[in-house]
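Note sheet for the following structure.
The values are calculated or read from the model by the stated rules, or taken from the named source; none is laboratory data. Quantities reported herein were computed from a predicted structural model and do not represent experimental measurements. FYI the Cβ positions are ideal-geometry reconstructions off the backbone, even for glycines, and counts take in every protein chain you see.
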Amino acid sequence: MFTRWVKRYESFAKRRFVKMSRGGWKPLAASTLKGRRGGKGKRRKAAILIDTGTLVKSLTIGATGNMIEWLRNGVRYGIGGPAKHPDGKATIADIARFHDSGKGRLPKREIIVAPDAATVNAMKRDVKSAVTALGQKYGG
């Protein structure tokens, strides 16, 4: 059941990240857009936090920067570990935290959030399925 939950959350987190990057978060500053083209061109729109793809990839289970911690009564999923972002000295987890909290000049762009209703409902079905399977196995 916990394996199903973490896969469901992974799917939710990645879908949400891509959706938010395309207009759900505060738009990028003009200076950021200009910097993405090395100062050339007049790029007016760009996917937010997907310049290198590192953060969105870190939401994939087993990918660099992804963190899974199996607990006695559950699982913890997120972005963590010592892996450095390819464009700097900070870790992938540090960059996720910087954006999540919105400190300094960065607008708040939460990455790991509570799942939506559809994901929660699917997780509830997973619980029912697990309980039914246990009942059949041990309850006769």
Within the stretch 64-71, can one find any residue that is of a type in the set (S, T, N, Q) and assigned to a loop (DSSP other than H, G, I, E, B)? yes
By residue number, the members of the stretch 48-80 that are more than 21 Å from Lys7 (Cβ to Cβ) and touching a Leu at 6+ places or on another chain (Cβ under 9 Å) are Ile48, Leu49
Across the stretch 57-97, the tally of residues that are within 13 Å of the chain's Cα centre (by Cα) and surrounded by 12 or more Cβ atoms within 10 Å (Cβ to Cβ) stands at 20
Taking only the stretch 98-125 into account, find how many residues are modelled with pLDDT of 95 or more, charged (D, E, K, R) and surrounded by 13 or more Cβ atoms within 10 Å (Cβ to Cβ). 2
Go through the stretch 91-109 and count every residue that is part of a helix (DSSP H, G or I) and under 17 Å from Arg16 (Cβ atoms). 3
So, Thr119, is that one under 26 Å from Gly23 (Cα atoms), assigned to a loop (DSSP other than H, G, I, E, B), of a type in the set (Ser, Thr, Tyr) and within 15 Å of the chain's Cα centre (by Cα) or not? no
